[in-house]
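One structure is given below, encoded as structure tokens.
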Amino acid sequence: GESVGLHLPTLSVQEGDNSIINCAYSNSASDYFIWYKQESGKGPQFIIDIRSNMDKRQGQRVTVLLNKTVKHLSLQIAATQPGDSAVYFCAENPFSGTYKYIFGTGTRLKVLA
Amino acid sequence: GAVVSQHPSRVICKSGTSVKIECRSLDFQATTMFWYRQFPKKSLMLMATSNEGSKATYEQGVEKDKFLINHASLTLSTLTVTSAHPEDSSFYICSARDLAGELFFGEGSRLTVL
């Protein structure tokens, strides 16, 4: 069935370096993607989204890249800070017109001081 | 930004009892809310879509008689885990969609069944 997966379960990054979290999706019909951050014991927080008619979108310190050819999504965090330590999920919406999202397995980002 | 509140944040109950979890949109109306389940170190799994004034739509494999969902108002959806057993222990998260279509998540409710 359709699935969204992440390449790395854990990513350790030195404080101040850039982080890149990757995600592969399998449903070519997905037209909307979101990255969420989840801190321990809390609900997911929206970080950034991107529609399928775009290949790049920038926010504050974050950039999402979408490569529809290979069905790949990435989240880049610039100048990673200790507060960025969390689990990051990508989510896709393959059900156009609904708000039912399929979540990836998650990547834990550890920021080293 | 919009706030979605869940209550209780933590609950411990005995096996066989029922537990109700509330999800409230505090400053917006939500015609649609979603309930997710999350196991430790795992991703969110959509359980059901809660629609105000109508029956919830459950995902495949989710027992509707086990997980009762009620969306009685535009700001409140409840999830009741009936006759809870230890395997129902999990982190339950709700999300609510505002009129603009943006999705906001609650802080989650951790259920432990002894």
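Bear in mind these aren't lab numbers, they're just calculated from the coordinates by the rules spelled out. It should be emphasised that the depicted structure is a prediction, and the values quoted were computed from it without experimental measurement. Neighbour counts are summed over all protein chains in view; Cβ atoms, including those assigned to glycine, are modelled from backbone coordinates with ideal geometry.
Remark: mean inter-chain Cβ contacts per residue of B:98-105 equal 3, using a 10 Å Cβ-Cβ cutoff to other protein chain atoms.
The phi-based Karplus calculation (6.51 cos²θ - 1.76 cosθ + 1.60; θ = phi - 60°) puts the 3J(HN,Hα) values of region B:30-36 at 10, 6, 10, 10, 10, 10, 10 Hz, whole numbers, x for Gly and Pro. Partner shielding of A:101-109 amounts to 3, given as the average count of beta-carbon atoms from other chains within 10 Å of each residue beta-carbon.
Sequence neighbours fewer than 8 away in the same chain don't count; with that in mind, list the lysines whose C-alpha is under 26 Å from B:K14. By straight Cα distance, B:K14 reaches A:K42, B:K41, B:K42, B:K64, B:K66.
Considering only Cα atoms, the convex hull volume of region A:1-88 works out to 104 Å³ per residue. With the highest mean first, a sort of the peptides B:82-88, A:104-110 on other beta-carbon atoms found within 10 angstrom per residue produces A:104-110, B:82-88. Which number comes out as Rg/Rh for the protein assembly as shown once both Rg and the Kirkwood Rh are worked out on C-alpha atoms? Looking at the protein assembly as shown, the ratio lands at 0.97. Shielding value for A:45-55 is 1, the average number of Cβ atoms from other chains within 10 Å of each residue's Cβ. Within chain B, the longest run free of exposed loop sites, counting trypsin sites (Lys or Arg not before Pro) that sit outside DSSP helix and strand states (H, G, I, E, B) and have at most 11 other Cβ atoms within 10 Å, spans B:42-114. Put in line by how crowded their Cβ is, counting other Cβ atoms within 10 Å and starting with the fewest, B:V11, A:V70, A:V111 read A:V70, B:V11, A:V111.
In chain A, Cα pairs under 8 Å separated by at least six residues give a relative contact order of 37 percent.
Straight-distance candidates among the aspartates and glutamates for linking to A:K71, with alpha-carbon spacing under 18 Å and chain neighbours fewer than 8 residues away dropped: A:E2, A:D31, A:D49, A:D55, A:E92.
Quick one: net charge around B:L74, please, counting Lys, Arg +1 and Asp, Glu -1 for every other residue with C-beta under 15 Å from its C-beta.
Overall, the nearby charge balance is -2.
Listed by chain and number, the aspartates and glutamates placed with their C-alpha closer than 17 angstrom to that of B:K55 are B:E22, B:E63, B:D65; residues fewer than eight positions away on the same chain are left out.
Based on alpha-carbon atoms, the Kirkwood radius and the radius of gyration of chain B give Rg/Rh equal to 0.95. Taking region B:5-46 and a reference point 7 angstrom along Cα→Cβ of B:E63, the backbone N atoms nearer than 15 Å belong to B:15-19.
Could you state the number of Å between the C-alpha centres of region B:47-76 and region A:12-56? When both Cα centres are located, 27 Å separates them.
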